[in-house]
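**Q** Sharing a structure here in structure tokens format.
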Amino acid sequence: MDEMTLPLRPSWARIQMAEVDEATFEELYEHYLPRLFNYMIYRVGNRQLAEDLTATVFEKALTRITTYRRDRGAFSTWLFTIARNVIIDHLRQQARAEIVNLDDLRAMAALGTPEAQYLRQEELARLYTGLNSLAEREREIIALKFAAELPNTRIAQIVGLSAENVGVILYRAIGKLRKRFEEEDE
Amino acid sequence: MMKENRLDLSAEFSRNVDELLRGARAEDCNVLSGEYQANLEFAERLVRTRFCPDPLFKAGLKQSLQGKLASEAGLQQRLRALLPRQEQRPQYAPRTGLITARRRLALGGLLALLLVGGIILGWRSASTVLAEDGVVRLLRLREQEVVVLMQEAFRQAYRLRTRITRIGVKLVELPEKGAEVYPTVAEAQAVVAFPIRVPAYLPPGCRLKDVRVLEPSAVVADYRYLDDRYGFGLVSILQFQRLNIRGEKQDLFFTVGEGTREEILLILDRKPAILAAGQGWRGVRWPGKKGYIVVWEGYIVNWEDEDMVFSLWSTLPREETLRVAASVR
């Protein structure tokens, strides 16, 4: 009987994941791009920057797609964790004041869907200013909820809180934001 | 009491926001108070405020990413991400003024203790690995035929290199690549010696990627899925004839991962055995069939049906994996 030495190599599923075919990529892209971009806008409020960061996240995600493990969490959790880290890296490098660009927001409202046009451009800019007045964690949770459209359990995994805490912070943050809008109206 | 009320309120609010995100209207939601209603209506406004990417940006990024995906360099880059990372030691500038000789001595002693402890622990865990019932079971199964030698166990305790003596049967391995690829089952069927079986049930968002014909007696059907519930993942179904067209008995053999303890999994005489330890396997049953499930970065289900051997690999949850396996006909 002859002997064979087994080759050491990465696991089957990971190799399979690396072979992202065109159709799979297309699905991933169409499914997550709008949410990812929306999330970036909520977080940085600058269209050009949001585009750059969205592209960075997608490139990182595709390069590292083999490291995604289903048994450790949902794909959206994994993807938005990358997005969050990209933002954290970015925020470390730049002062927040430089990022806010209300003119960009106004211009972007014109690019929106009919639903987006529900709010007037000025109101859209106001929303962003309001978001900026919230605490970082509140802003992050609102972005993950309303822009990334994630359930509380996944948000909890990303920000490292319990789902109950996320719910409480979300409710409180929305209350604050609404009051700010109302005060401005008066 | 107040705290509970606040939790209930926020939990209900989150549920309602999820409904709004799915297209419901605030007026259809359960309203708990005036303030709650105001917050919910405000949330509805946020839900309707979606920022859309510029179509030019969307198309440009897509094209750029597709180019990277299609290139061999891109694939190699993704595969490189799999390799165990070499820890980069930071190059600290010497701070001799801050660390006294006594501190260094204490640190050295501590490190020496940790090293000795690590060696003892490493030895014990490697012994445990060897003694795990996967190896025992395997040796029992093939007493004289399979010899497992562990090499380099301590050079790289985390990465165990295993050598096995070739056994009498032909081993069918789930390949990472290769063979002839067909886009549909019907096209693959034309070159295969047996009727290819397909799952009658697949979860929503799951579709056939392609079918790889390893040889006329063995094929792999690869599926991908993407949806909100299960995210992104894959399902592969390997099926082959127990006796191939040359009359050779075939068995299943595959490695499940580099750098992991559950390095090699071998199906011998219809029973899986895991070398170098693993999470083990459990028997599973469904009407008319009996198989084994292995937990590993998802699930692997193996079973036989008449003269066919099946191995289903999936990153779906366990229940869904078994449901797909049960529906293969």
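The values are calculated or read from the model by the stated rules, or taken from the named source; none is laboratory data. Note that the structure is predicted; figures quoted are calculated from it, not measured. All Cβ positions, glycine included, derive from the backbone under ideal geometry; neighbour counts span all protein chains shown. Areas reflect the complete protein model, heavy atoms only, side chains present, ligands, DNA and RNA absent. Shrake-Rupley method; radii C 1.70, N 1.55, O 1.52, S 1.80 Å.
**Q** I want to check the label-to-label distance for residue B:64 and residue A:92. Put each point 7 Å from Cα in the C-beta direction and report it in nm to one decimal.
**A** Here the modelled spin labels are 2.3 nm apart.
**Q** Just how many % of Cα pairs in the range A:23-98 lie over 17 Å apart, if you round to the nearest whole percent?
**A** On the way: 1204 of 2850 pairs.
Distances greater than 17 Å cover 42 percent of the Cα pairs.
**Q** Then there is this: Working out 0.36 nm times the residue gap between residue B:228 and residue B:189, then minus their Cα-Cα distance, what length gain in nm do you get to one decimal? Can you show the working numbers first?
**A** Details: separation 39, 0.36 × 39 = 14.04 nm, distance 3.26 nm.
Extending this stretch completely gives an extra 10.8 nm.
**Q** Can you tally the net charge around residue B:58? Count Lys and Arg as +1, Asp and Glu as -1, for every other residue whose Cβ sits under 10 Å from the Cβ of residue B:58. Before the final figure, lay out the partial values.
**A** Working: positive: B:62; negative: A:30, A:51, B:54.
Surrounding charge for residue B:58 is -2.
**Q** What accessible surface, in Å², does a 1.4 Å probe find on residue B:220, ignoring ligands, DNA and RNA and rounding to the nearest 10?
**A** Approximately 0 Å² of residue B:220 is accessible to the 1.4 Å probe.
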